[in-house]
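Report on the following structure.
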Amino acid sequence: MIPKYEQIKQDLISELKAHKFIPGDKFYSESDIKKRYNVSSITAVKALNELTNAGFLYRVQGKGTFVSKSKVSQNVKFSDIENHSLDTEKIKVVSVTQENDSTILKELHLNPDEEYYKIVRVRYANERPFLVHFTHLPKKLMKEPINKDLAYYSSVYERINKDFGIDMFALSSVETNEITFPENVDLLNLLQLSFREPAVKQVKHSFFPDKSVAEYIVSYKHWKYFKTKIEIEG
């Protein structure tokens, strides 16, 4: 038999999916649910807690419960829109170095005494730089000795696939994007940005099936080349 709080939860989810409430609306209170379903406070609170934990609702101390603005249980697709022809793209590998910065080691979940490889690449469109990648890889994903021809690493994923048979595109990953105003002079020069111009900072972690970190990438995209499409499945 389905618990009463679960029945209430599913009933309320149906209302949310039917758009009876819009994001930010104040939701039913504990008292409202008790009267509507003739249940105890324990059951009403349990139903609200379940919806909150699932991301449908959020609580504001002293004000009540509100409908979340997140797209819970909906498929949302984000995709970058390239506003230049891919035929005009070129990649320059600036450097390949072996490093052990403590901050990066933490991001790669490596020990303090370990090292990693850092690959700096710049992407150009019509001879103008629009994207700088700082790729950090655990040493196990770099075939040694390092090739003196830096162009060898222009496509990191292709290189890893050929050297180790690992399809990096197939790995799970998490990426965040935020607007920032870079202050690093070297980065500004690479992107041909002034101090007053923004860039989109893109941070990505990719993971092996055992949840260990396969790569940590920090990229900066010129603001003129950033355009994103968001598709929400009804």
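How much mean residue ellipticity at 222 nm does the chain get from its helices, if each DSSP H run of length 4 or more adds -39500 (n - 2.57) and you divide by all residues, to the nearest 500 deg cm²/dmol? Mind showing how you got there, number by number?
Numbers: 6 runs with 57 residues, N = 234.
After summing the helix terms and dividing by the residues of the chain, the value is -7000 deg cm²/dmol.
Out of every Cα-Cα pair that the range 1-121 contains, those further apart than 24 angstrom amount to 56 percent. Restricting the range 1-103 to trypsin sites (Lys or Arg not before Pro) that sit in a DSSP loop and have at most 16 other Cβ atoms within 10 Å of their own Cβ leaves K20, K63, K69, K71.
Taking a Cβ cut-off of under 13 Å around L105, the surrounding Lys, Arg, Asp and Glu residues balance to a net charge of -3, with basic ones at +1 and acidic ones at -1. Once the 1.4 Å probe is applied to the protein heavy atoms, the chain comes out at 62 Å² accessible per residue. Checking every one of the GluC sites (Glu not before Pro) in the range 157-209 against DSSP loop status and a limit of 14 other Cβ atoms within 10 Å picks out E183.
Ligands, DNA and RNA aside, T88 has an accessible area near 40 Å² when probed at 1.4 Å. For the chain, carbon and sulfur atoms together expose 50% of the accessible surface, with a 1.4 angstrom probe and every protein chain in place. Name the shape class, rounded, prolate or oblate, that the alpha-carbon gyration tensor gives for the range 55-158, where a ≥ b ≥ c are the square roots of its eigenvalues, rounded holds for a/c under 1.5, and otherwise prolate holds if a/b is larger than b/c and oblate otherwise. Oblate, since a/c reaches 1.5 and b/c is not below a/b.
From the Cα gyration tensor of the range 150-197, with a ≥ b ≥ c the square roots of its eigenvalues, which class applies: rounded if a/c is under 1.5, or else prolate if a/b is larger than b/c, or else oblate?
Working: a/c = 5.26, a/b = 1.85, b/c = 2.85.
Oblate, because a/c is 1.5 or more while a/b does not exceed b/c.
Does the range 99-150 come out rounded, prolate or oblate by the C-alpha gyration tensor, with a ≥ b ≥ c the root eigenvalues, rounded set by a/c under 1.5 and, if not, prolate when a/b is larger than b/c and oblate if not? Oblate is the answer for the range 99-150, as a/c is 1.5 or above yet b/c matches or exceeds a/b.
If N is the number of residues in the chain, what value comes out of its Cα radius of gyration divided by 2.2 N^0.38 Å? Intermediate results must be reported in sequence, preceding the final value.
Details: Rg = 24.2 Å, N = 234, 2.2 N^0.38 = 17.5 Å.
Normalised by 2.2 N^0.38 Å, the Cα Rg of the chain equals 1.38.
The values are calculated or read from the model by the stated rules, or taken from the named source; none is laboratory data. Everything quoted here is computed from the prediction, not taken from an experiment. Quick reminder, even Gly has a Cβ in these numbers, built from the backbone with ideal geometry, and neighbours come from all protein chains shown. Just the protein is used for accessible areas: all its heavy atoms, side chains included, with ligands, DNA and RNA removed. Shrake-Rupley method; radii C 1.70, N 1.55, O 1.52, S 1.80 Å.
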